[in-house]
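These notes concern the structure reproduced below.
Derivation of every value follows stated rules applied to the coordinates shown; laboratory data play no part. As the structure is a prediction and not an experimental result, all values here were calculated from the model. Cβ: placed from backbone, ideal geometry, glycine included. Neighbour counts: every protein chain shown.
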Amino acid sequence: MREIENIELTFLNFDDYQELKEAMIKAYSTMPDSYWKEGQIESLINRFPEGQVLIKVNGDIAGCALSIIVDYDKFEDNHTYKEIVANYTFDTHDADGDILYGIDTFIKPDFRGLRLGRRLYDYRKELCERLNLKGIAFGGRIPNYHKYADKLSPKEYIEKVKHKEIHDPVLNFQMSNDFHPVKVIKGYLEGDEASNEYAVLLEWDNIYYEKPNKKPSTIKTVVRLGLIQWQMRPYNSMDELMQQAEYFVDAVSGYRSDFALFPEFFNAPLMAENNHLAESEAIRELAKHTPAIVQKFSELAISYNINIITGSMPEMKGEQLYNVGYLCKRDGAVERYEKLHVTPDEAKVWGMKGGTELKTFDTDCGKVGVLICYDSEFPELSRLLADEGMDILFVPFLTDTQNGYSRVRSCAQARAIENECYVAIAGSVGNLPNVHNMDIQFAQSMVFTPCDFAFPTNGIKAEATPNTEMILIADVDVHLLRELNQFGSVRNLRDRRKDIFELSKAKSNN
């Protein structure tokens, strides 16, 4: 092979036709007369110039990729090649379609082994993303199948190729470029004797595809988190406490944060006025403030244009005491979450009960989940939320010692890795000498990420100063989670052995 001086990806021009024809004849030597005619190439270029590209080495054509856009709903999975290209008229091309359909890709024999085909496929993927199409599809030949046709069905053949028991140069290459087999199509390409006229329908999903929305709003992909590391201090009234809360909401919204996260039991200082009561009675008095606090937070969410996660507060439901929090959205909606696992101390000292409802929340920044403190130490909960599409997990917590904090921190970081999501934790610092059972606090608020090349090597996006009142601002990119799920070094969600274990929510007894 000649020394390579230049590799260039360029659009196909009609002036390239004669050289293109010669390249196709060499590439498809086992399929005589398989080259494209002049009128067909001219039609493709006129209809969809961006879809027709060449790769040139030292100025000579080394390969080509041709494609059209189709409205995929008009075709069944059992379509033939002629149906897709409308008997080579390409009348099926639809600029308003949703799938980029690959109608040809080849590399000349002299240039194989240089991974030039990957460059063509990468261009198609970038084009698909730029045009906001759902994905790429095409019928992939299986040119070695004729050697095994008397022993294996096409499905069995594909399985053996997938498990590296059989080498198929075309199918192996396509799967290594992230295309997944969908089904076998019989009679796909007339005259393809090497494949016994079978083809494998292969697809690549555009993880960045956004369904067209007539509304002006859209779900954000880069989300700014505002974490409030709250200082426990005496307050003379609920109004004074909420004035401090508004100060922090104002601060994080000033940085255009999408979320403000408060800690668990941030309103505990209000119990000081009932310190003469038993602990179980004092916290029930504190619960009387919860409706007014939630109302105030909802007003702040609207006026400061920010989604507020209120940490948690005690709440009475009938005769039972629960640890709950609220997601106050900037559009005015309010949703409730519950602490499912109460600590032994919460149960013993306060008589608190665990909640029963676990769910994700739809926001203008995607799906989020909230687990209060101890709940983050039970991996099943976050995995169920991940199965519902959670991208960001918020963990408001309250810990008195470094031991307790280390449990929350270590478990929260594990949740980020195993569920391919971001995890934000926020706690309280300082002392409350006049509140029984709430006298000391330790916290370091943090934002955790998965551990892969697109993220910090230690899995920590941002961290606050330990035991200091402050805010922590961090941006997280949801697109990186999509890439991780598809192309990560490890893929914890996709690689689960569901043939060995299952996880599901128990049916409610209510």
- Message: If amide hydrogens are placed 1.01 Å from N in the peptide plane, which non-local residues have theirs closer than 5 Å to the one on residue 258?
- Response: 224, 225, 226
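Quick one: putting +1 on the C-beta of Lys and Arg, -1 on the C-beta of Asp and Glu, what dipole do you get for the chain around its Cα centre, in Debye to the nearest 20? Please report the intermediate quantities before stating the final value.
Working: 58 positive and 79 negative charges, 147 e Å.
Dipole size: approximately 700 debye.
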- Under 25 Å Cα-Cα from residue 21, which lysines qualify once same-chain neighbours fewer than 8 residues away are excluded? 37, 56, 82, 108
- Can you find, among 177, 490, 248, the residue farthest towards the positive end of the dipole of the chain? Put +1 on the C-beta of Lys and Arg, -1 on that of Asp and Glu. 490
- Message: Using a Förster radius of 35 Å, what is the FRET efficiency between residue 203 and residue 302 based on their Cβ-Cβ separation? Nearest 0.05, please.
- Response: 0.25
- Message: Residue by residue through the stretch 113-130, what is 3J(HN,Hα) from phi via Karplus (6.51 cos²θ - 1.76 cosθ + 1.60, θ = phi - 60°)? Round to whole Hz and write x for glycine and proline.
- Response: x, 9, 6, 6, x, 4, 5, 5, 5, 5, 5, 4, 5, 5, 5, 4, 5, 5
- Note on the structure: In units of 2.2 N^0.38 Å, the Cα radius of gyration of the stretch 1-147 is 1.04
- For peptides 278-286, 189-197, 407-415, 304-312, sequence by mean Cβ density within 10 Å, most packed first: 304-312, 407-415, 278-286, 189-197
- To the nearest 20 debye, the stretch 102-153 has a Cα-centred charge dipole, built from +1 on Lys and Arg Cβ and -1 on Asp and Glu Cβ, of 120
- Message: At a 10 angstrom cut-off on C-beta neighbours, averaged per residue, how do the peptides 254-266, 230-242 rank from highest to lowest?
- Response: 254-266, 230-242
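Taking Cα pairs under 8 Å and at least six residues apart, what relative contact order does the chain come out at, in percent? Spell out each step's value before the answer.
Details: 1005 pairs, mean separation 53.4, N = 510.
Averaging sequence separation for qualifying contacts and normalising by length gives 10 percent for the chain.
Pairs of alpha-carbon atoms within less than 8 angstrom and 6+ residues apart define the contacts here; what relative contact order does the stretch 120-235 have, in percent?
Working: 133 pairs, mean separation 37.8, N = 116.
It comes to 33 percent, rounded to a whole number.
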